[in-house]
Amino acid sequence: MAKKRAASASPHPVFLCSACGNESPKWFGRCPHCGAWNTAVEETAKAAPRGPGRGYGAGEGSAVPQRLDEIGGEGEERWRSGIGEMDRVLGGGLVPGSLVLIGGDPGIGKSTLALQLAGALGRAGRAVLYVSGEESPRQARMRAERIALRGEGANLWLHSEIDLDAILGEVDRLTPSLLVVDSIQTLYLSSLDAAPGSVSQVRECGLRLLRLAKERSLPVLLIGHVTKDGAVAGPRTLEHMVDVVLYLEGDAHHGYRILSAAKNRFGSTNEIGVFEMRGDGLIEVENPSERLLRDRGASVPGSAVVASMEGTRPLLVEVQALVAPTHFANPQRVAQGVDPRRLAVVIAVLEKRAGLSLAGSDVFVNVAGGIRLEEPAADLGLAVALASSFREIPIPPDRVLIGEVGLGGELRPVPQLARRLQESERLGFGSAVIPKRNDSDAGPAEGRALRIERIAAATLGEALESCLGARRKAAPAPRS
Ligand code: TYD
Ligand code: MG
């Protein structure tokens, strides 16, 4: 069939890589551009009409080069939505003219969050056009009722449409201050002979919306589906062309949702926003540490509390480890919330430098509340949790662990120690193990005014001793 189409002088089929968007006239098993396997999809090529000589990325009137100091924009404008957790992740608010992509698993709450943002801007007097290709306006209205959007409805326009040209027409007519597209995978351009969600449709629709955003300084929020490995579905070029990529993730069982930025041209990508999914929408969690530690089983061996910095905010989280005799030839290493490679390194350091033999044990690690710990400062907590479970000795319940573990078993200093100690003290922790090198830092004594006891340790061995008692191999713990 493909042959027949090619013969009839109509658009010929091409093969596109669903990972990177690379085009090839022939089928490929492995993409010659990005090296991904089995990503070839057949689509019919037909170039989208482009404006004469205009680049897609051009901003307002920037057809000629401008001198840096002549470009206006003192104190860039940001719209605060009033949803503090979202504003923080965006880098202080929504930037006019930005293209924001938000991805996440089905049912995690993307549409809910987008509608809440639309409602918040509507309340501030800005008109929002919410285009949904997945739900009818009635369904959207039912959701709006759940999250108690009422008065703001006057500024909120819902539109069930998937034809991008029609959507652009409505944008012309309504001149909204924000356009929400739910989702980019349902959009299509009739000038392209490919199905919605295909690589070429997603790419072209993304480019059109990028141009719309830049030309009119109109912020556009795109919702995107994710693939089974968690990346936004569609060509990689989509992530490259947008200004901000946000992910909404969560632990479906706890109702917590974490909003984080994988890319942000207007702010840091370290900030996270914490929400809880309730019956009336996503509610901000203002005191995440307190909430995350609420259901902690403090006196159980294997439970440690770490103070991690998520952007500008310290977050105290529980790391749980379970070390159990294995029944397999290859012991299992299962990590949730920590990088499995980091876990492997910490296990190796424990074996080599602290004399713990974990080769015959399965190791399971879990970070409570669906948080992902990426900071090296969480190493010490992970290591001590593992040792605590292995030796069956609980860590003192009011102790926080802060420190990066080096390959030599040394504890390395961490940034912003004072902030971490402050937060620990605020939450009622009595002592913190910290790297000795941090403690003896020259300069103004960080956090000296704090009452929390500082236990300075130079090595992982010293930290273990202070938390679990004297080091002893295969001997019962000293009982007092
Ligand atoms: P939704 O925003 O539709 O997810 P997505 O767009 O990411 O697919 O959220 C769907 C889920 O959220 C659904 O399982 C019901 C739940 N939910 C609540 O628990 N409370 C609420 O107020 C709303 C609107 C949804
Ligand atoms: Mg949805």
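Overview of results
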| item | result |
| --- | --- |
| Selection count, the stretch 280-302, where residues are within 16 Å of ligand 1 (Cβ to nearest atom) and assigned to a loop (DSSP other than H, G, I, E, B) | 2 |
| Any chance Val305 is under 24 Å from Ile434 (Cβ atoms), in a strand (DSSP E or B) and within 23 Å of the chain's Cα centre (by Cα) | yes |
| Hits in the stretch 173-188 (condition: part of a helix (DSSP H, G or I) and of a type in the set (D, E, K, R)) | Arg173 |
| Residues located in the stretch 120-148, provided they are within 16 Å of ligand 2 (Cβ to nearest atom), over 18 Å from Leu222 (Cβ atoms) and touching a residue at least 24 places away in the same chain (Cβ under 8 Å) | Ser136, Arg143, Ala144, Arg146, Ile147 |
| Selection count, the stretch 211-221, where residues are assigned to a loop (DSSP other than H, G, I, E, B) and surrounded by fewer than 24 Cβ atoms within 10 Å (Cβ to Cβ) | 2 |
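Condition check ((1) more than 16 Å from ligand 2 (Cβ to nearest atom); (2) in a loop (DSSP other than H, G, I, E, B)) across all residues:
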| site | (1), (2) |
| --- | --- |
| Ser190 | yes, yes |
| Arg203 | yes, no |
| Leu209 | yes, no |
| Ile223 | no, no |
| Gly230 | yes, yes |
| Thr237 | yes, no |
| His240 | yes, no |
| Leu246 | no, no |
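Yes or no, residue by residue, for (1) more than 25 Å from Ser160 (Cα to Cα); (2) assigned by TED's automatic domain parsing to the domain that holds Asn155; (3) modelled with pLDDT of 90 or more:
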position: Leu174; (1), (2), (3): no, yes, yes
position: Ala213; (1), (2), (3): no, yes, yes
position: Leu221; (1), (2), (3): no, yes, yes
position: Thr227; (1), (2), (3): no, yes, no
position: Glu249; (1), (2), (3): yes, yes, no
position: Ala261; (1), (2), (3): yes, yes, yes
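The values are calculated or read from the model by the stated rules, or taken from the named source; none is laboratory data. Treat the numbers as computed from the prediction; the structure is a model and nothing was measured. As a convention, Cβ positions derive from the backbone with ideal geometry for all residues, glycine included, and neighbour counts pool all protein chains shown.
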